[in-house]
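Engineer: The structure's right below; bear with me while I get my questions together.
The numbers here are math on the coordinates, done by the rules we state, and not lab data. Please read these numbers as outputs of a predicted model, since none were measured by experiment. All Cβ positions, even for glycine, are placed from backbone atoms using ideal geometry, and neighbour counts span all protein chains on display.
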Amino acid sequence: MKAPDFDYLRPSSLDVALAMLIEHDGEAMPLAGGQSLMPMMNFRVAAPEALIDLADLTELRGITVDTDTVRIGAMTRYAELMSDPTVQAHIPLIGMALPHIAHDAVRNRGTIGGSLALADPAAEMPALMLALDASIEVAGPDGTRMIKADDFFLGMFETALDDELITAIHVPVATPAQRFGFHELTQRHGDYALAGVAIAKTDDSYCAAFFGVADRATRVPELEAALTRQDNIKTVLTHLDQIDFTDDLKANHTTRQRLAGVALTRALKGMTQ
Amino acid sequence: MSRSIDIKLRVNGEDVGATVPARLNLVDFLREELCLTGSHVGCEHGVCGACTLTVDGDTVRGCLMLATQANGKEVTTIEGLADSGQSTALQAAFTKRNALQCGFCTPGMLASALGYVNAGGAADRDAIRQHISGNYCRCTGYQSIVDAICDVIKETRT
Ligand SMILES: Cc1cc2nc3c(=O)[nH]c(=O)nc-3n(C[C@H](O)[C@H](O)[C@H](O)COP(=O)(O)OP(=O)(O)OC[C@H]3O[C@@H](n4cnc5c(N)ncnc54)[C@H](O)[C@@H]3O)c2cc1C
Ligand code: FES
Ligand code: FES
């Protein structure tokens, strides 16, 4: 199908874009890469009165490092993340996950900010942000605030955004004490994951964020504690019971729980050295 | 506020200007306004790859981009890739290997394959399969497409 009609707005600055969001009072949607929004509009699941194209907002671009944090502009495309030397050097987990996100043609348009704002439960980026203890920089009519990834994802396609735009993502620079793991199971390469996990290990302590398994990217504190204690993997996997696994046409909750266990086991085996 | 927008872009090396409805996507603009019917329309939600074309040198889904987002950009469709000779070797290899039957997927497949070859991709069947996993072919079973892409890489790198 084709998208229903809408007004196309192309603000030249962040302030103008924010004013447009307020003026349209919930009836306008920001447009980033369009790789989720366009399908949603073509399916007529989304029918905004207006689209606010973020393409000209220089405030939302660029990748910079300051001592211990990398700041990634929200409009950074997956393809740019893949080829960026700063990201490669300082956030190895992103490089491990990116080849699994969709296909070339989608990665050439889709943005990190768009993926986080969408909060698809099966998307890789939200889980990565949890595992990396990232913060999300957002701007609204009252100024700018930082939201910890742990507080950002509130449910299926639901975030802490409140008439706000994501401006950037702040990710701590990887330290020599850190190791990373990533694995996902899909029906075909580039599909959304049936179950997947992103792991960051700092000294002996683990942070593991699952995706594709529940209504949002999910950490299980008991499971992370068991990993940190170096419990036997069977014991670790029993803590998956804490997740309210999704049932859908592709996999029921029992299958998903098994797949989450497989993804975790493989991710642990494949941890960076 | 505008539901119809003036755009200027380059398509296959020629300057084009038009007034388009905001909701018109790029592939429909190319097919219906410019009669460039080489890019096909399958799913209209980004999964089949039939509409894959090139914008400023990057492969994109023509169904997931608005015509107005192509304002100021350089668009190359399969017609442009063929006329300029960029896809000649791939087209010959597709013919030789029987890598098309109905041909519906072929323009998108060629655009994706060209992206792989131009990026220096290896003649590695798994890597090629991964790369074209975003392009559906309902006829060939993919083997012959992978063969054709391998052939071109081997020919051009030896
Ligand atoms: C065939 C196909 C396969 C895919 N496979 C995967 C996959 O395996 N894994 C995966 O994670 N994704 C996948 N995707 C989705 C893709 O990653 C999207 O690009 C991404 O989810 C959204 O980014 P975008 O820039 O395209 O955002 P858009 O589609 O433009 O926007 C998405 C949502 O976020 C809002 N938004 C965008 N930017 C901002 C901002 N800065 N501030 C506030 N709100 C904003 C929009 O209003 C919209 O609601 C796939 C898509 C396709 C078409
Ligand atoms: S028509 Fe664009 S991907 Fe299917
Ligand atoms: S040749 Fe028919 S779909 Fe590929």
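Engineer: Set the bar at 21 Å for Cα to Cα. Now go through A:K201/A:K234; A:K2/B:K73; A:K234/A:K269; A:K2/A:K250; A:K148/A:K250 and name every pair that lies beyond it.
Structural biologist: A:K2/B:K73; A:K2/A:K250; A:K148/A:K250
Engineer: List every residue whose amide H lies under 5 Å from the amide H of B:G42, counting only residues 5 or more places away in sequence or on a different chain, with H placed 1.01 Å from N in the peptide plane.
Structural biologist: Here the answer is B:A50, B:C51, since their amide H atoms fall under 5 Å of that of B:G42.
Engineer: Taking only Cα atoms of the stretch A:58-172, what ratio of Rg to Rh do you get with Rh as the Kirkwood inverse-distance radius?
Structural biologist: Details: Rg = 13.0 Å, Rh = 14.0 Å.
Rg/Rh: 0.93.
Engineer: Ok, one more. From the backbone phi of the stretch B:39-54, what are the Karplus-calculated ³J(HN,Hα) couplings (6.51 cos²θ - 1.76 cosθ + 1.60, θ = phi - 60°) in whole Hz, Gly and Pro given as x?
Structural biologist: Couplings: 6, 9, 10, x, 8, 6, 9, x, 9, 8, x, 5, 9, 4, 8, 10 Hz.
Engineer: Quick one: give the max-minus-min coordinate of the C-alpha atoms of the stretch A:178-269 along each principal axis, largest first, in Å.
Structural biologist: Result, largest extent first: 39, 25, 20 Å.
Engineer: For all pairs of alpha-carbon atoms in the stretch A:7-53, what percent lies in each bin of width 5 Å, listed from the first bin to the last filled one?
Structural biologist: All Cα pairs considered, the percentages come to 5, 23, 31, 23, 13, 4, 0.
Engineer: Between 0 and 90 degrees, rounded to the nearest ten: what's the tilt of helix A:14-23 against the longest Cα principal axis of chain A?
Structural biologist: 80
Engineer: Once you have the alpha carbon radius of gyration of chain B, what is it after dividing by 2.2 N^0.38 Å, with N set to its residue count?
Structural biologist: Numbers: Rg = 15.8 Å, N = 158, 2.2 N^0.38 = 15.1 Å.
Ratio of Rg to 2.2 N^0.38 Å for chain B: 1.05.
Engineer: Another question about this same structure. Going by amide H atoms built from the backbone, whose H comes under 5 Å of the H on B:I5, apart from near neighbours?
Structural biologist: Those qualifying (amide H under 5 Å, at least 5 residues apart or on another chain) are B:V20, B:A22.
Engineer: Kindly express, to the nearest 10 degrees and within the range 0 to 90, the angle between helix B:143-157's C-alpha long axis and the longest C-alpha principal axis of chain B.
Structural biologist: Computed tilt is about 90 degrees.
Engineer: Now a separate question. Excluding the sites themselves, what is the longest stretch of chain A that contains no trypsin sites (Lys or Arg not before Pro) in a DSSP loop with at most 15 other C-beta atoms within 10 Å? Show your work: numbers first, answer last.
Structural biologist: Values: sites that count: A:K2, A:R44, A:R188, A:R229, A:K250.
Maximal segment without exposed cleavage sites: A:45-187.
Engineer: To check you understand DSSP bridge types, tell me what percent of the beta bridges within the protein assembly as shown (both residues inside) are antiparallel, rounded to 5.
Structural biologist: Roughly 85 percent of the DSSP beta bridges within the protein assembly as shown come out antiparallel.
Engineer: So, one more: Can you give the charge dipole size of chain A about its Cα centre, rounded to the nearest 20 debye, using +1 on the beta carbon of Lys and Arg and -1 on the beta carbon of Asp and Glu? Before the final figure, lay out each step's value.
Structural biologist: Details: 22 positive and 38 negative charges, 289 e Å.
The calculated dipole for chain A is roughly 1380 debye.
Engineer: Can you run phi through the Karplus equation (6.51, -1.76, 1.60; θ = phi - 60°) for the stretch A:171-176 and list ³J(HN,Hα) in whole Hz, with x for Gly and Pro?
Structural biologist: For the stretch A:171-176, the Karplus curve yields 10, x, 5, 5, 9, x Hz.
Engineer: May I ask you to derive the relative contact order of chain A, considering only C-alpha pairs under 8 Å and at least 6 residues apart, and to give it as an integer percent?
Structural biologist: 16
Engineer: Can you give the translational diffusion coefficient of the stretch B:87-156 in µm²/s, computed by Stokes-Einstein from the Kirkwood radius over Cα pairs at 10 °C and 1.306 mPa s?
Structural biologist: Values: Rh = 11.6 Å.
For the chosen part, D equals 137 µm²/s.
Engineer: At 20 °C and 1.002 mPa s, what whole-number value in µm²/s does Stokes-Einstein give for the translational diffusion of the stretch B:75-127, with Rh from the Kirkwood sum over Cα pairs?
Structural biologist: Working: Rh = 11.7 Å.
Diffusion coefficient, whole number: 184 µm²/s.
Engineer: Next up: Just to check I understand the Karplus step: with θ = phi - 60° and J = 6.51 cos²θ - 1.76 cosθ + 1.60, what whole-Hz values come out for the stretch A:124-135, glycine and proline as x?
Structural biologist: Karplus values, whole Hz, x for Gly and Pro: 6, 4, x, 5, 4, 5, 5, 5, 8, 6, 7, 10.
Engineer: Follow-up question, since we're still on this one. Could you tell me the distance between the Cα centroids of the stretch A:213-227 and the stretch B:38-58, to the nearest Å?
Structural biologist: Answer, in whole Å: 38.
Engineer: Ok, one more. Starting from the alpha-carbon convex hull of the protein assembly as shown, give the projected area averaged over all orientations, in nm².
Structural biologist: It is 21.2 nm².
Engineer: Please list, or write none, the aspartates and glutamates whose alpha carbon is within less than 15 Å of the alpha carbon of B:K8, excluding same-chain residues fewer than 8 places away.
Structural biologist: B:E33, B:D56, B:E74
Engineer: Could I ask something else about it? Per residue of B:53-66, how many C-beta atoms from partner chains lie within 10 Å of its own C-beta, taken as a mean?
Structural biologist: Values: counts 1, 2, 3, 1, 1, 7, 8, 9, 10, 1, 4, 13, 6, 9.
That works out to 5 on average.
Engineer: Starting from 0.36 nm per residue, how many nanometres of slack lie between A:A89 and A:V262 once their C-alpha separation is accounted for?
Structural biologist: 59.4 nm
Engineer: In addition: Over all residues in B:116-129, what is the mean tally of Cβ atoms on other chains that come within 10 Å of each residue's Cβ? Working shown, then result.
Structural biologist: Values: counts 1, 0, 0, 1, 0, 0, 0, 0, 0, 0, 1, 0, 0, 2.
Across B:116-129, the average partner-chain Cβ count within 10 Å equals 0.
Engineer: Order by neighbour count: A:V45, B:V16, fewest other Cβ atoms within 10 Å first, most last. If you can, show how the numbers build up before the last one.
Structural biologist: Details: A:V45 9, B:V16 16.
By the 10 Å Cβ count, ascending, the order reads A:V45, B:V16.
Engineer: Going by alpha carbons, how many degrees (0 to 90, nearest 10) lie between the helix axis of A:253-269 and the longest principal axis of chain A?
Structural biologist: Approximately 80 degrees, to the nearest ten.
Engineer: Ranking A:M96, A:M125, A:M1 by Cβ neighbours within 10 Å, fewest first, what do you get?
Structural biologist: A:M1, A:M96, A:M125
Engineer: Right, here's the next one. What number, rounded to the nearest 500 deg cm²/dmol, is the helix-based mean residue ellipticity at 222 nm of chain A, given -39500 (n - 2.57) per DSSP H run of at least four residues and division by all its residues?
Structural biologist: -8500 deg cm²/dmol
Engineer: Only Cα pairs within less than 10 Å get springs; with that Gaussian network setup on chain B, which residue of B:C63, B:C139, B:C48 has the largest fluctuation?
Structural biologist: Residue with maximal mean-square fluctuation among B:C63, B:C139, B:C48: B:C139.
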